[in-house]
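The values are calculated or read from the model by the stated rules, or taken from the named source; none is laboratory data. Here the structure is a predicted model, which means the values were calculated and not measured. Using ideal geometry, Cβ is built from the backbone for each residue, glycine included, and neighbour counts are taken over all protein chains shown.
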Amino acid sequence: MTALIAGLAGLAGLPTWELQLSPMVAIAVPLIGAFLIAMADRWPNLREATTLVTAIALLWVVGNLTNFLGSAPSEPEALAEVVPGMPLAFNLEPLGMIYALIASSLWILNSIYSIGYMRGNNEKHQTRFYVCFALSIASVMGIAFAANMFTLFVFYEALSLATFPLVTHKGTPEALRSGRVYLGILMGTSVCLMLPAMIATYVYTGTLDFTQGGVFAQPLAEGVLTPGLFGLIFAMYVYGVGKAALMPAHRWLPAAMVAPTPVSALLHAVAVVKAGVFSVVKISVYIIGVDQLRLYGQGGWLVYVAGASIVIASFIALFQDNLKRRLAYSTISQLSYITLGAALLWPVSVKAAAMHIAAHAFGKITLFFAAGSIYTAAHKTKISELDGIGRKMPWTMGAFAVGTLSMIGLPPTGGFISKWFLMQGAWTAENGFAIAVLCTSTLLNAAYFLPIVYRAFLRAPPDEHAHDDEHDDEHAGEHADGHDEHGDHHDHGEAPLPIVFALTCTAAATVLLFFQPDLFAGYASMLAEAMPK
């Protein structure tokens, strides 16, 4: 990984010597980048170059931070003490490093993709888009390196606010309505459930610091806290993390599909949903403590809730004709794999959860990139319109096929590795329900993804003269930029080069995770090894 970072840094003209960097530098880089992007408003080329340089600089910083990572969390570095005993503090630990590396590496590719997409579709307010994107990544770095629950909560809310203008980017009534659903559910769950759980944690334990093995062992052992109340606090944390899209707190995610495709990719792969499942795993390991959950029998319900979310969302996805909505419900299902891994309460299952964060990120961003490529080149949003499109867009649909294999969990993709460890975790826990869910959902994943690939490559294109180029009413916001005035799109080929380059890279990374799983498995193993057996 260090060699890869050094190579990227060299391409960007950055020095490759090691520095004693702080996690706070990783937060500062995108914040400074957001300011510089705003200053370059009148010069689009400079604005986009600034975005790319900032993204590469962040990857270099995060990559160098890996040199100072141990198996246990490092000593916290306090930025400011907002209230007594609750500082904004940051440290390094394996799970946070996985999240930070995913976000910083995918930001580069998402920025390249965004340049092609935003210009190719003549999107308005492009400077605001890039500024909010940088602010979102800064929030992600704060979440990834948070040393305590208070810091995570502050940046978790900051991420919701930074992404709201991206969801409502179109400014249409539908976009504004979806934005209200998005912000209402995410901030409603965090303020009404996560915040009271944090207060209860502080009252019973006297700390909100992320601690190896959790912070509840002593009050539970002394009888200060009853197992029932402990279980309630855990449930409030789980559902307080609305970004994990655990049913029934999932409606915000399909609603947000009205946003431009690069935003959908941000929501589903780089930032928002990963902030959710990352927080669930981190709270389970470092606040609640998986040994306490196992000892007092308070985590079993989450296995059933996560399993139900996996299967129900997969069934709903089967009946979605709009491509982005099918991908959205697929995301709800795939996120619950990660929650399921945490809920099984075994080191191997938590390792699987951490690895699936990475596997899903690269696979799902590939699928969304492909959906945006199809829209940009052919202006199609419905799966029923994709007959034969693979013959005109082989790179796009080839990448889509790779992402499909990863979502199903087939080799040679990263999704196979993470699902393999997840099945091992279910077997180790002797949980027949989890095993049944994994087998059933794999079949459902194949049922709603493979027909798309079949249509694209094995069906004949429709009669172009009879085609009326209808648009999906549900996504009218994506068609409000004047594309209908462009006339016939039947002679399209691939999307602009930046789009095709980005989706090809993410598809290649999805395959690379199969052959080089240690890129993230090493950090996942460090996390698991520190847990009680």
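So here's what we get for this one:
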| item | result |
| --- | --- |
| Count of residues meeting criterion [among the β-branched types (V, I, T) and in contact with a Leu (Cβ under 6 Å, 6 or more places away or on another chain)] in segment 251-272 | 2 |
| Subset of segment 262-308 [in a helix (DSSP H, G or I) and small (G, A, S)] | S264, A265, A269, A275, G276, S279, S284, G300, A306, G307, A308 |
| Among the candidates L323, L345, L335, residue that is over 26 Å from I98 (Cα atoms), of a type outside the set (S, T, Y) and crowded, with 24+ Cβ neighbours inside 10 Å | L323 |
| Residues (touching a residue at least 24 places away in the same chain (Cβ under 8 Å), more than 21 Å from F421 (Cα to Cα) and assigned to a helix (DSSP H, G or I)) located in segment 315-345 | F315, A317, L318, L323, K324, R325, R326, L327, A328, Y329 |
| Count of residues meeting criterion [in a loop (DSSP other than H, G, I, E, B) and surrounded by 13 or more Cβ atoms within 10 Å (Cβ to Cβ)] in segment 225-240 | 1 |
| Failed criterion for A271 (all others in (1) in contact with a Ser or Thr (Cβ under 6 Å, 6 or more places away or on another chain); (2) surrounded by fewer than 24 Cβ atoms within 10 Å (Cβ to Cβ) hold) | (2) |
| Residue within segment 136-145 that is more than 18 Å from A255 (Cβ to Cβ) and free of Cβ contacts under 8 Å to residues at least 40 places away in the same chain present | no |
| Residue check, A495 buried (at least 17 other Cβ atoms within 10 Å of the Cβ), assigned to a helix (DSSP H, G or I) and either among the aromatic types (F, W, Y) or modelled with pLDDT of 50 or more (or both) | no |
| Residue match in segment 19-37 (condition: surrounded by fewer than 18 Cβ atoms within 10 Å (Cβ to Cβ), at pLDDT below 90 and farther than 25 Å from A521 by Cβ) | yes |
| Elements of type helices (runs of 4 or more DSSP H) in segment 357-446, at least 3 residues being acidic (D, E) and either within 18 Å of A313 (Cβ to Cβ) or in contact with a strand residue (DSSP E or B) (Cβ under 9 Å, 6 or more places away or on another chain) (or both) | none |
| Filtered residue count, segment 128-160, keeping only those that are over 30 Å from M198 (Cα atoms) and surrounded by fewer than 19 Cβ atoms within 10 Å (Cβ to Cβ) | 1 |
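Yes/no matrix, rows are residues, columns are (1) over 21 Å from L195 (Cα atoms); (2) in contact (Cβ under 8 Å) with a residue 60 or more places away in the chain; (3) of a type outside the set (A, V, I, L, M, F, W, C); (4) out of contact with any strand residue (DSSP E or B) (no Cβ under 9 Å at 6 or more places or on another chain):
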| site | (1), (2), (3), (4) |
| --- | --- |
| D209 | no, yes, yes, no |
| G214 | no, yes, yes, yes |
| D291 | yes, yes, yes, yes |
| S309 | yes, yes, yes, yes |
